[in-house]
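See below for the structure under consideration.
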Amino acid sequence: MKNDQKLGEKVAPEEVSEKSKELSNKKWLENYPVLKAFLAGSLSGTCSTVLFQPLDLVKTRLQNPATNYINGRNGVGMVTIFTNIIQKEQIKGLWKGMTPSLSRCVPGVGLYFCTLDVLKTNFFSDTTPRPLESIGLGVVSRCISGIIMIPMTVIKTRFESGVYGYQSVNQAIKEIYRTEGLKGMTCGLVPTLIRDAPYSGLYLMFYTECKKLVPKDLYNSPYTSPVHFTCGLTAGILSSIVTQPADVLKTKMQLYPHKFSGIWSVIVYVNTKYGVRGYFKGVVPRMLRRTLVTAMAWTVYERLTNTFGLK
């Protein structure tokens, strides 16, 4: 009996140790909700960026006159540009600019969701944000991530344009800084924020309101992810159309920084050369890409936050 007791005494500390480790892990997760939000956002950004990069590439080239002139024709459409890329650069050409895209989107999406989670926790822990409050949350979160990630946005746009011959992200950073200074690294910040901040604000509002229309029983069913994805698609389409003009201005400023002195000169140029329809160049691929990317990002994020215990 004494031996059994001694054996029991030897086993007990191991069990206590295992339990303490489990409790320690749980406590660690509870103490770092911001990190969990960042990781969930980054993972969702990775999935969506890799899948839909070709649409962003085609959108950028549609908005760039230098790459929108093919086989003696100017102002070609999305399908022609898509086919031309495959013919000249093969399938892998559709993923040109993937490295700067990931460098921008992965931490950028992580920062966005992280900031959004912090704001919701501190100001709306017990209530659901009203429509205008949702817009405010989205705008603030996107402005913070947009300002931090603007250098990568510039590099990403130039990689995708086909105009610049950068071989790597590091080379692009050095070249831009050498020839344009810090101003070149933040080129197009204003139209980027004018595009992204309202988009994120409107998206969050539409997404939140769409979710309210869905019966609560569906969120505890196998249809949870399709429901989130459908709400995301609806919100993305509406938000993309409203913010498309700012995307056109942003692209032109970042591709031709020496040509335009400011946002007003770009507006005058687009309006004079193309008219109103010029503000909607590339709207189809951008709407497809942005809508699918954001819908997938939110779907993955919602799933991961449930897994991580953020909800």
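Descriptive notes on the structure:
- Residue that is nearest to Thr60 (Cα to Cα) [pool: residues in region 78-88 that are exposed (fewer than 14 other Cβ atoms within 10 Å of the Cβ) and not hydrophobic (A, V, I, L, M, F, W, C)]: Thr83
- Residue count for region 263-310, restricted to those that are free of Cβ contacts under 8 Å to residues at least 60 places away in the same chain and loosely packed, with under 15 Cβ neighbours inside 10 Å: 11
- Scan of region 144-167 for residues that are farther than 14 Å from Arg104 by Cα and touching a residue at least 12 places away in the same chain (Cβ under 8 Å), ordered by number: Ser161, Gly162, Val163
- Of everything listed in (1) within 23 Å of Lys250 (Cβ to Cβ); (2) at pLDDT below 80; (3) surrounded by fewer than 18 Cβ atoms within 10 Å (Cβ to Cβ), the single unmet condition for Leu51 is (2).
- Any hit, region 284-297, residues being touching a Lys or Arg at 6+ places or on another chain (Cβ under 9 Å), within 26 Å of Asp117 (Cα to Cα) and among the polar types (S, T, N, Q): no
- Within region 202-251, restricting attention to residues that are closer than 30 Å to Thr186 by Cα and of a type in the set (S, T, N, Q), the residue that is surrounded by the most Cβ atoms within 10 Å (Cβ to Cβ) is Thr251.
- Residue within region 188-210 that is modelled with pLDDT of 85 or more, in a helix (DSSP H, G or I) and over 22 Å from Gly108 (Cα atoms) present: yes
- All positions within region 186-214 that are within 16 Å of Glu302 (Cα to Cα) and among the polar types (S, T, N, Q): Thr208
Listed here are the residues, each with its yes/no results for (1) within 30 Å of Ala37 (Cβ to Cβ); (2) assigned to a helix (DSSP H, G or I); (3) of a type in the set (Asp, Glu).
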| position | (1), (2), (3) |
| --- | --- |
| Lys212 | yes, yes, no |
| Asp217 | yes, yes, yes |
| Phe229 | yes, yes, no |
| Ala235 | yes, yes, no |
| Leu249 | no, yes, no |
| Phe260 | no, no, no |
| Arg277 | no, yes, no |
| Arg290 | yes, yes, no |
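This table checks each residue for (1) at pLDDT 90 or above; (2) within 22 Å of Leu202 (Cα to Cα); (3) of a type in the set (D, E, K, R).
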{"site": "Leu233", "(1), (2), (3)": "no, yes, no"}
{"site": "Val242", "(1), (2), (3)": "no, yes, no"}
{"site": "Asp247", "(1), (2), (3)": "no, yes, yes"}
{"site": "Lys259", "(1), (2), (3)": "no, no, yes"}
{"site": "Thr272", "(1), (2), (3)": "yes, no, no"}
{"site": "Val276", "(1), (2), (3)": "no, no, no"}
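- Qualifying residue in region 105-119 (condition: polar (S, T, N, Q), at pLDDT 90 or above, surrounded by 13 or more Cβ atoms within 10 Å (Cβ to Cβ) and part of a helix (DSSP H, G or I)): yes
- Residue match in region 95-102 (condition: more than 27 Å from Phe52 (Cα to Cα), of a type in the set (Phe, Trp, Tyr), over 16 Å from the mean Cα position of the chain (by Cα) and assigned to a helix (DSSP H, G or I)): no
The values are calculated or read from the model by the stated rules, or taken from the named source; none is laboratory data. All values derive from a computational prediction rather than experimental measurement. Cβ: placed from backbone, ideal geometry, glycine included. Neighbour counts: every protein chain shown.
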